[in-house]
Structures are given as structure tokens and as C-alpha cells.
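The values are calculated or read from the model by the stated rules, or taken from the named source; none is laboratory data. Keep in mind that this is a model prediction, so the values were computed, not measured. All Cβ positions, even for glycine, are placed from backbone atoms using ideal geometry, and neighbour counts span all protein chains on display.
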Amino acid sequence: MSGQMNQFTKGPWKYEYDNADHYGGCWYSITDEDGGNVCAFGYNVADSVANEKLANAKLIAAAPDLYEALQAMLEFPNAGPSHDMARAALSKASA
């Protein structure tokens, strides 16, 4: 699995909140260490899911670190179901 991370934008990533939308919307931007845009998503401030959107932004920003952690875990002897889950997650991210 090593080397597959190269197809993704290099981490670390961070999330930024922007409420500059004049139509009642807010945005989360996920950026790389140089401030380049990785992705962004918006939502209406009237949505009752603001906390969920923040949690999603944090999870997306953590993706490079999580990917590397799963790769590192697989370097150790097979730990059973956790290794199967790690392989499946890495495969899903690389598909």
C-alpha cells in the first residue's frame, strides 16, 4: 500500500469556516499546508445539522493522517479483524 498516498493532495490538511455567503449559507474549506484548496462544501445556516457539518469538515481534514496511520498499522503483525478493516478502508480510499 505504500506509495498510494501520492495520488492524493499531500497533508496535513486543515479546515476553515467561512460565513461570507450573502444568501444564508456557510462554507467549510479544506486546505493543504500551503493554503491550496483540497475541497469545500456549503450548507444553509438554517440547517439543523451545523454540528454535523463541522464534524464532517474535521474528519475530511484528518484524512491524510488517518490514511498514514492505517498504513503504519499494517506494518505490524496481523491483528485480525482490525487489519481487515484497515485494508478495506485503504482500498476504498484508493479505488
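Looking only at residues of the stretch 48-70 that are more than 26 Å from Gln7 (Cβ to Cβ) and surrounded by 13 or more Cβ atoms within 10 Å (Cβ to Cβ), we find that the one that is modelled with the lowest pLDDT is Ala50. Screening Met73 on (1) farther than 19 Å from Ala40 by Cα; (2) surrounded by fewer than 13 Cβ atoms within 10 Å (Cβ to Cβ) shows it passes everything except condition (2).
Comparison of Ala62, Ala55, Ala69 shows that the only residue that is farther than 19 Å from Asn37 by Cα and of a type in the set (Gly, Ala, Ser) is Ala69.
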